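The values are calculated or read from the model by the stated rules, or taken from the named source; none is laboratory data. Here the structure is a predicted model, which is why all the values come from computation and not from measurement. Note that we place each Cβ from the backbone using ideal geometry, even for glycine, and neighbour counts take in every protein chain shown. Each accessible area value is taken on the protein alone, full model and side chains, heavy atoms only, with ligands, DNA and RNA left out. Shrake-Rupley method; radii C 1.70, N 1.55, O 1.52, S 1.80 Å.
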Amino acid sequence: MTPEELRRLAESHEEARPEPRHRIKICVAAGCLSAGSDRVREALQNEIAQRGLESECEVKGVGCLGLCTAGPLMLVEPDGVMYQGVTEQDAPAIVESLGKKPVEQLVCPSDMSFFTKQYKIVLENSGVIDPEKIEDYIARDGYTALARVLEEMTPQEVIDEITRSGLRGRGGAGYPTGLKWSTVAKAGGSRKFVICNADEGDPGAFMDRSVLESDPHRVLEGMAIAAYAVGASQGFLYVRAEYPLAVKRLRTAIRQAERLGLLGNNICGTTFSFHVDIRLGAGAFVCGEETALIASIEGKRGQPRPRPPYPAEYGLWGYPTLINNVETFANVAPIIRNGGDWFASIGTEKSKGTKVFALAGRVRNTGLIEVPMGITLREIIFDIGGGIPDGHRFKAVQTGGPSGGCIPEQYLDMPVDYESLAKVGSIMGSGGMIVMDETSCMVDVAKFFMDFCVSESCGKCVPCRVGTAQMYHLLNKITSGEATMEDLALLEELCDMVKYTSLCGLGQTAPNPVLSTLQYFREEYIAHIVDKQCPAGVCQMRQ
Amino acid sequence: MHFTKPSPPSDDKRWRIVEATMRRHGYDPNALIETLHSVQQTFGYLETEALQYVAKALRVPLSKVYGVATFYHFFTLKPQGEHTCVVCMGTACYIKGAPHVVAAISEKYQIQPGETTADGKLSLLTARCIGACGLAPAVVFDGEVAGKVTPEEALQRIGRWTDQ
């Protein structure tokens with residue numbers, strides 16, 4: 001399929017279905033679905049049928065609209081009204097109001113900073129298209145980047161464009177994507193693989209889930225372009241089994257793309273072939289680490305191995321393998337469409353483009369946001385997030401999950417980019433952002449993450465297997481008021497040991513939540529140990 | 001070497017689903033995790049007989065099959081209760097009160113997370129993160145996600161199962 005044919009297909013899709021007078025777009029991503037959006041959708045359809053308005057109104061399920069806390073969300077077009085917290089009972093009033101005055105009590109103000117301060121590249125189709133219709137994606141210029149790449153560009157030119165964009169891996173570590181691609185492209189061998197890491201194991205992160213549920217074709221297109229650039233013909237999507245909706249939509253998307261010749265053999269009539277298969281994760285945080293992920297696809301226990309050799313040279317079944325995260329692949333098509341220089345003009349000097357964050361915890365507006373790199377934490381939490389509810393006070397924001405750290409108030413005006421976050425002892429991570437107020441005990445939070453690491457440690461190396469367990473034991477002693485200052489000294493010593501001697505990223509970063517809370521909230525540790533008191537009133541003291 | 005495909009442990013028709021999965025992957029030992037997913041989806045858990053059968057059919061040592069089945073949290077070797085209640089323990093849910101929900105259920109039904117009540121009615125489980133952080137604390141009742149759940153609400157919903 002050439003770009004011209006794609007355009008014709010997009011146009012015929014629009015023509016085949018005359019634009020209805022009214023269109024109600026309702027979010028059917030996981031967040032709103034669990035708030036009952038499928039029942040609302042049905043109620044609206046019934047209401048429209050009862051009034052015989054089928055030709056005039058269309059109800060369309062779309063991807064995530066972002067503001068999960070106010071779900072179910074819907075957008076009425078062309079009126080441009082957004083409704084929040086809709087129930088089945090609201091259906092008659094909504095249908096009645098079409099083209100007239102909106103239903104006042106349900107309106108979600110779309111001019112609030114939550115929406116206006118965002119910059120959408122990865123999420124540009126999210127909440128706009130039906131994730132189960134490839135035609136919708138094509139109508140939004142979908143697959144034109146792939147068609148262009150195959151028709152006009154050499155693999156090297158594709159890699160150059162990605163390098164020029166300055167895109168860095170969105171899985172957390174921020175490795176330059178162009179460099180990774182060119183390493184795999186240069187690796188010899190007859191077979192190569194492309195893997196999409198969709199094993200979002202970070203507690204408190206749901207960006208990848210949302211992208212897969214809202215715009216699955218975007219990820220497939222990015223993978224296909226990457227495969228062309230590095231010379232691979234087989235790809236795997238490694239998705240968490242805990243995300244059944246994402247898996248279902250991906251399966252649908254792969255089938256649709258294959259039917260149109262956009263995946264499979266001889267894509268767009270060229271000699272390039274690329275097949276994608278789904279592999280289900282089975283609940284192991286360590287499988288986010290690339291060598292563990294590869295072991296899991298090979299049907300083994302997800303245990304990492306020492307690197308080098310890196311997967312770029314020795315990956316799946318020993319062949320050169322490119323592994324990128326969902327969000328990284330989702331950035332590829334827009335970069336090819338608009339050029340690397342365009343992407344490089346967004347963000348900061350060393351962190352280009354945008355980042356999707358899952359904003360949650362003690363903040364008024366929780367949900368999915370996409371912001372340009374370099375935005376401050378204060379803008380994210382107080383403008384977009386709407387601040388702390390119930391008259392409470394901001395205490396810290398946790399970024400990067402179990403590998404990250406807690407950032408206190410004094411750094412709220414810090415720009416969000418890879419380097420700045422690292423400087424204050426945290427990381428970008430995959431993009432979870434949990435806001436905490438004074439009702440959270442920082443020692444308890446550190447214990448929570450350590451508990452996570454103990455249970456998720458694969459057990460292969462001693463520092464991680466034994467070290468994290470000892471650290472958890474010490475933290476438990478502190479939170480139950482039984483610890484001494486010697487225990488604290490031992491805890492600090494263990495942080496260093498686990499950090500510098502563990503085999504993989506899980507162990508190496510496991511002490512981060514402890515280190516960062518010790519750095520900024522040391523007085524809380526002291527209060528637990530010396531005064532036998534929990535300042536936040538969370539921990540139950542035994543004495 | 002000649003290999004004869006073993007036959008399923010029983011003539012339960014559900015084995016056909018598992019067989020189909022193995023066949024699709026050409027009985028490749030690499031398909032172990034995919035096959036275990038298929039068994040668990042079909043039978044609800046991984047019973048010993050199933051592990052033995054999969055080991056033979058894919059020519060993987062039973063020790064390795066067991067190793068994989070116990071390594072991943074998603075797999076369970078015990079049958080689940082009639083109803084399951086999965087409390088999300090992700091960071092957002094944790095700081096918004098998920099531990100209180102677990103404590104309330106544990107206390108009322110005398111089971112710890114991962115256990116099933118003696119009458120087999122209820123299994124209480126915890127999840128690492130179900131990715132519904134905007135709805136924290138989130139609880140999955142028999143596969144249906146509910147958001148902003150209080151301990152009282154959780155007990156009420158479970159009560160509807162156990163009272164019948």
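Brief remarks follow.
- Averaging 1/r across all pairs of distinct Cα atoms in chain A and inverting the result yields a Kirkwood radius of 24.5 Å.
- Accessible area (Å², 1.4 Å probe, nearest 10) - residue A:501: 80 Å²
- Centre-to-centre, using Cα atoms only, the range A:115-188 and the range B:104-155 are separated by 39 Å.
- Toward the positive end of the charge dipole of chain B, with +1 on the Cβ of Lys and Arg and -1 on the Cβ of Asp and Glu, the farthest Cα among B:57, B:26, B:158 is that of B:26.
- Interface of A with B. Using a 1.4 Å probe and counting protein heavy atoms only, the two chains hide about 3300 Å² of accessible surface, both sides summed.
- Residues with amide H under 5 Å from that of residue A:279, placed H, sequence gap 5 or more: A:237, A:238, A:239
- DSSP-defined antiparallel bridges as percent of all bridges, chain A, nearest 5: 50 percent
- When DSSP beta bridges are restricted to pairs lying wholly in chain B, around 55% turn out antiparallel.
- Peptide B:147-157 is shielded by partner chain Cβ atoms: per residue, an average of 1 of them sit within 10 Å of its Cβ.
- Principal axes of chain B: Cα extent on each, largest first, Å: 61, 33, 23
- Think of chain A as a dipole: +1 on every Lys or Arg Cβ, -1 on every Asp or Glu Cβ, centred on the Cα centre; then among A:253, A:233, A:428, A:233 lies furthest on the positive end.
- Heavy-atom accessible area with a 1.4 Å probe sorts A:182, A:345, largest first, into A:345, A:182.
- Shielding of peptide B:120-132 by partners, expressed as the average count of other chain Cβ atoms within 10 Å per residue Cβ, is 5.
- Residue A:87-residue B:10 pseudo-label distance in nm [points 7 Å out on the Cα-to-Cβ vector]: 4.5 nm
- Residue by residue along B:91-103, Cβ atoms of other protein chains within 10 Å of the local Cβ number 6 on average.
- Rounded tilt (10° steps) of B:15-24 against the dominant C-alpha axis of chain B: 70 degrees
- Loop-resident sites, the range B:7-60, for GluC sites (Glu not before Pro), counting at most 13 other Cβ within 10 Å (DSSP): none
- Computed accessible area, residue B:100, all protein chains, 1.4 angstrom probe, square angstrom: 120 Å²
- Over 20 Å between alpha carbons, listed pairs A:460/A:499; A:395/B:96; A:423/A:477; A:100/A:133; A:120/A:352: A:423/A:477; A:100/A:133
- Counted by Cβ distance under 10 Å from residue B:29, the other residues give a net charge of +1, where Lys and Arg count +1 and Asp and Glu count -1.
- Straight-line reach from residue B:13: taking Cα to Cα under 18 Å and skipping same-chain neighbours fewer than 8 places apart, the lysines in range are B:5.
- Dipole magnitude of chain A about its Cα centre (Cβ charges: Lys, Arg +1; Asp, Glu -1), debye to nearest 20: 1100 debye
- Where A:249, B:160 fall by accessible area, highest first, once all protein chains stay in place (1.4 Å): B:160, A:249
- Neighbourhood net charge (11 Å Cβ-Cβ; Lys/Arg +1, Asp/Glu -1) for residue A:378: -4
- With respect to chain B, whose longest principal axis is taken over its alpha-carbon atoms, helix B:32-43 is tilted by about 60°.
- In the complete set of protein chains, residue-level accessible area for residue A:317 is approximately 100 Å², probe 1.4 angstrom.
- 0 to 90° range, to nearest 10: angle between helix B:48-58 axis and chain B longest Cα axis: 40 degrees
- When the residues A:221, A:492 are ordered by accessible surface, computed with a 1.4 Å probe over the protein chains alone, the sequence from largest down reads A:492, A:221.
- Annotation for residue A:439 and residue A:500: the two label points, set 7 Å from Cα along the Cα-Cβ direction, are 4.1 nm apart.
- Enclosed volume per residue, in Å³, of the convex hull spanned by Cα atoms of the range A:328-479: 134 Å³
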